[in-house]
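Below is one structure, written out as structure tokens, with a few remarks after it.
The values are calculated or read from the model by the stated rules, or taken from the named source; none is laboratory data. This one's a predicted model, so the numbers in the text were calculated from it and none came from an experiment. Positions of Cβ are generated from backbone atoms using ideal geometry, with glycine treated the same way; all protein chains shown enter the neighbour counts. The area values use the complete protein model at the heavy-atom level, side chains included, leaving out ligands, DNA and RNA. Shrake-Rupley method; radii C 1.70, N 1.55, O 1.52, S 1.80 Å.
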Amino acid sequence: MILVLLREGFLIHCRNVPLNDALAIVKPESTEGASLWAKYLINWTFWNHVRTSAAIAAAALITIGLCDRTVK
């Protein structure tokens, strides 16, 4: 469980936070802002899907492990 939390923190800190910080700096109405927003949507959504998939896999493994313990 601790590894799951560390992974989540790592992904958020190393992937999503820098994207958010870069987006916060640019002016939304600028050309640079529009370009960054387009890249942001692709990158942030990808890493959000990675985090979600990893969390689902971890939950499934924990569930399997707990069910296996109760059957024995």
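Which one of these does Thr31 not meet: (1) surrounded by fewer than 14 Cβ atoms within 10 Å (Cβ to Cβ); (2) modelled with pLDDT under 90?
(2)
Hey, could you check the range 34-46 for residues that are in contact (Cβ under 8 Å) with a residue 12 or more places away in the chain and either polar (S, T, N, Q) or open to solvent by 60 Å² or more (accessible area, probe 1.4 Å) (or both) and say which is nearest to Asn16 (Cα to Cα)?
Trp44
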